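Reading through the structure tokens given below for one structure.
The values are calculated or read from the model by the stated rules, or taken from the named source; none is laboratory data. Because the structure is predicted, anything quoted here is derived from the model rather than measured. Because the Cβ atoms are built from the backbone with ideal geometry, glycine has one as well, and the counts that use them run over all protein chains shown. The area values use the complete protein model at the heavy-atom level, side chains included, leaving out ligands, DNA and RNA. Shrake-Rupley method; radii C 1.70, N 1.55, O 1.52, S 1.80 Å.
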Amino acid sequence: LLNNLTRSQIDYAVADLHGALPGDDSRRELKTILAKLWEQICQPVLAELQALSVVGDGLHSTPLAHIRWCLTGRLAMLPLHAAGPRRQSRKRPGMLDWVISSYIPTLSMLLESYSRRASSREPRLLAVCHSGNSERGRLPLAKKEVDVLRTYAGTENVSVIMDNAARVNTVCDALRGSDWVHFACHGTQSITNPMDSALVLDDGSLPVSRLAEQEGGEFAMLLACETALGVPGLSDEAIHVAAGLHFAGF
């Protein structure tokens, strides 16, 4: 299926991604990287899924198919869910238009996450939102993300921890009773000590080391910087916020 994909192409893509993120022209460079991922990986996979009738033939098929990427090595450091052709448009859609993507570390963990939740019960939803501060920068759309979540899931179905209430102990306590969790906040990746990589909350950081200790739920949505960045030299042992939640079972 991916006969034209080489290890060196993956290595270059990871290096380009890590080089682009801190730069002033990161948006343009990121679009180039996403276009290459579309051509080399996602478009062939999508075509195969269409041939298997897993994905519909029309744009915005209802409902969108949900696919889980189970990636290894440096592939796990690439944002395949956002890949798309150059100059995307309605006539040239990308992955975000065709499918809903999420990532899993192993197939067995996916099965375990479903077995923990009774099929007759609706998932318990938690939204953690911290809009930033003057030190790290404001996140003006973080609250809007929570409003969108409430609109689709129903206000009464979503527990929300917002801004000043988003404290480390409070969030950890709430995680234990949640199946799905949505984070909208700042995040950091520690290169020197990956276990210190963290979500940034009101009273400090919630590190990977503590996230991994939680009794996990089923699904986590991370809208925070650097939460799956990892370290290129340790791609098979990547430690970041997403990995911590995976260890916890999400």
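Condition test on residue 183, is it among the aromatic types (Phe, Trp, Tyr) and either at pLDDT below 85 or surrounded by fewer than 16 Cβ atoms within 10 Å (Cβ to Cβ) (or both)? Give the derivation first.
Numbers: among the aromatic types (Phe, Trp, Tyr): yes; either at pLDDT below 85 or surrounded by fewer than 16 Cβ atoms within 10 Å (Cβ to Cβ) (or both): no.
When the stated conditions are applied, residue 183 does not pass them.
Can you confirm whether residue 48 is open to solvent by 30 Å² or more (accessible area, probe 1.4 Å), more than 29 Å from residue 241 (Cα to Cα), in contact (Cβ under 8 Å) with a residue 12 or more places away in the chain and not in a loop (DSSP other than H, G, I, E, B)? Don't jump to the end; show me each part of the working.
Details: open to solvent by 30 Å² or more (accessible area, probe 1.4 Å): yes; more than 29 Å from residue 241 (Cα to Cα): yes; in contact (Cβ under 8 Å) with a residue 12 or more places away in the chain: yes; not in a loop (DSSP other than H, G, I, E, B): yes.
When the stated conditions are applied, residue 48 passes them.
Are any residues in segment 161-181 touching a Cys at 6+ places or on another chain (Cβ under 8 Å) and closer than 16 Å to residue 219 by Cβ, and if so, which ones? Talk me through it step by step, then tell me what you get.
To start, the set of residues in segment 161-181 that are touching a Cys at 6+ places or on another chain (Cβ under 8 Å) comprises 161-163, 166.
Answer for segment 161-181, where residues must be touching a Cys at 6+ places or on another chain (Cβ under 8 Å) and closer than 16 Å to residue 219 by Cβ: there is none.
Tell me whether segment 12-29 contains one or more residues that are modelled with pLDDT of 85 or more, in contact with a His (Cβ under 8 Å, 6 or more places away or on another chain) and surrounded by 12 or more Cβ atoms within 10 Å (Cβ to Cβ).
Within segment 12-29, not a single residue is modelled with pLDDT of 85 or more, in contact with a His (Cβ under 8 Å, 6 or more places away or on another chain) and surrounded by 12 or more Cβ atoms within 10 Å (Cβ to Cβ).
Please pick out the residue among 190, 159 that is at pLDDT 90 or above, open to solvent by 20 Å² or more (accessible area, probe 1.4 Å), outside any helix (DSSP H, G or I) and not β-branched (Val, Ile, Thr).
Details: 190 fails: at pLDDT 90 or above.
159 is the lone residue from the list that is at pLDDT 90 or above, open to solvent by 20 Å² or more (accessible area, probe 1.4 Å), outside any helix (DSSP H, G or I) and not β-branched (Val, Ile, Thr).
Restricting attention to segment 206-223, report how many residues are open to solvent by 60 Å² or more (accessible area, probe 1.4 Å) and over 16 Å from the mean Cα position of the chain (by Cα).
Kept after step one, since they are open to solvent by 60 Å² or more (accessible area, probe 1.4 Å), are these residues of segment 206-223: 210, 213, 215, 219, 221, 223.
Applying the additional criterion that residues be over 16 Å from the mean Cα position of the chain (by Cα) yields 210, 213, 215.
Number satisfying all stated conditions: 3.
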